[in-house]
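Here the structure is laid out as structure tokens; the discussion comes afterwards.
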Amino acid sequence: CKILKCNSEFWSATAGSQAAADSPEFCAALRTYALCTRRTARTCRGDLAFHSAVHGIEDLMGQHNCSREGPTAPPRPRTPPGGDSQERNDSPETCHYRQAAPNYTHCGLFGD
Amino acid sequence: PHLRTFTDRFQTCMVRGAWPLIDNDYLNVQVTNTPVLPGSAATATSKLTIIFKNFQECVEQKVYQAEMDELPAAFADGSKNGGDKHGANSLKITEKVSGQHVEIQAKYIGTTIVVRQVGRYLTFAVRMPEEVVHAVEDGDSQGLYLCLRGCPLSQQIDFQAVHAAAAQGTRGPHGASPPPAAPGDTFPYETAVAKCKEKLPVEDLYYQACVFDLLTTGDVNFTLAAYYALEDVRSLHSNKDKLHLYERTREPPGRASASG
């Protein structure tokens with residue numbers, strides 16, 4: 001049951017200033033949190049931490065008028081971002097996917 | 001067209017008409033496939049639509065559309081990046097060869113897309129982080145799209161049977177045998193093999209797809225389509241050991257498994 005990973009990702013996503021409690025980023029982070037709990041539902045059934053997280057998300061969504069539908073926060077950077085500083089200054093950090101070493105996949109379509 | 005899925009399964013599909021290639025929280029890709037010859041079961045991609053969804057302070061929603069004989073180097077609204085948002089440059093279109101090769105970098109989701117026009121038809125290739133591939137809000141419709149699940153069994157063509165038939169000069173199964181390329185213009189099996197070997201010396205599935213395409217269309221441009229498809233795998237696939245595939249997969253969609 002990986003509910004603690006969901007919790008820590010949510011707290012790290014909302015610790016920064018860009019996700020102040022009444023900002024769109026906060027709702028996006030909440031939706032990501034809800035998505036994460038849904039993904040762990042099967043293995044966390046009966047776990048108290050899991051159920052309190054689910055209820056906590058419900059409460060926070062209600063308090064901050066967050067809609068269920070909508071963008072989720074970008075995949076969180078797990079390591080301090082690399083890349084050249086100039087590019088990073090150009091646009092918000094969330095616009096540069098910074099997964100540590102992502103597992104890339106490929107799909108192709110061609111011919112007849 | 002020939003499809004290589006995110007799980008490295010390789011299939012040849014009819015999938016005539018409009019089909020979803022990718023469908024997740026960040027983007028949708030839809031292709032329209034049309035028969036390469038009247039009455040042929042073999043189809044090729046004549047239209048491609050990519051929708052990049054609105055994302056935070058990075059990009060507004062952007063639509064890219066390519067058709068047969070029209071490969072634009074800009075989004076449908078004429079722009080070449082993500083719009084007016086602060087992070088707009090995290091989505092960029094680059095024209096590599098005018099009218100033939102376009103690349104789209106979506107840095108905010110770590111994704112690279114290559115669209116080509118080879119002969120009259122389009123080819124598509126994408127590199128995407130696994131986490132983005134599976135980012136689908138409601139789990140129950142988790143990725144019912146071709147890049148993830150492959151095409152339905154009923155849509156698959158067994159092109160090796162066509163090869164065998166062509167090699168013996170008889171008709172293949174369910175009408176998929178290679179009709180004469182064009183009235184009065186047939187492509188002998190040996191010629192198809194020789195032309196494909198010129199560009200694809202390794203006799204993997206890309207080579208076999210090339211032979212199939214030449215037998216079913218008589219259009220030598222399909223040699224280049226298979227060649228560039230392999231080049232795109234070379235540049236986009238993270239596991240170089242999986243560049244060449246030798247086993248096709250005829251399992252029904254939905255059961256992800258090791259390729260072969």
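Amide H neighbours of B:Ala44 under 5 Å, at least 5 residues apart or on other chains, H built in the peptide plane: list them.
B:Thr34, B:Val36
Listing A:Arg68, A:Arg39 from the residue with the fewest other Cβ atoms within 10 Å to the one with the most, what is the order?
In order of increasing Cβ crowding within 10 Å: A:Arg68, A:Arg39.
For chain B, take the longest principal axis of its alpha carbons; what is the angle in degrees between that and the long axis of helix B:159-168, to the nearest 10 within 0 to 90?
It is inclined by approximately 20 degrees.
Starting from the Cα gyration tensor of the stretch B:1-121, take the square roots of the eigenvalues, sort them a ≥ b ≥ c, and report rounded, prolate or oblate (rounded when a/c is under 1.5, otherwise prolate if a/b is larger than b/c, else oblate).
Prolate.
Debye calculation, C-alpha points only, no solvent: report log10 I(q)/I(0) for chain B at q = 0.07, 0.10, 0.14, 0.16 Å⁻¹, in the same order as the q values.
Relative scattering, expressed as log10 I(q)/I(0), comes to -0.24, -0.50, -0.96, -1.23.
So how many Lys-Lys pairs in the stretch B:21-146 land under 23 Å Cα to Cα, not counting same-chain pairs under 8 apart?
Here the count comes out as 20.
Compute the acute angle (0 to 90°) between the alpha-carbon long axis of helix B:221-236 and the principal axis of greatest extent of the alpha-carbon atoms of chain B; round to the nearest 10°.
Between helix and principal axis, roughly 40 degrees.
Counting pairs of alpha carbon atoms under 8 Å apart in space and at least six apart in sequence, what relative contact order in percent does chain B give?
Relative contact order of chain B: 19 percent.
Taken together, the values in this text are just the output of simple stated rules run on the coordinates, not laboratory data. The structure displayed is predicted, hence computed values, not measured ones. In this analysis, Cβ positions are derived from the backbone assuming ideal geometry, glycine residues included, and neighbour counts consider all displayed protein chains.
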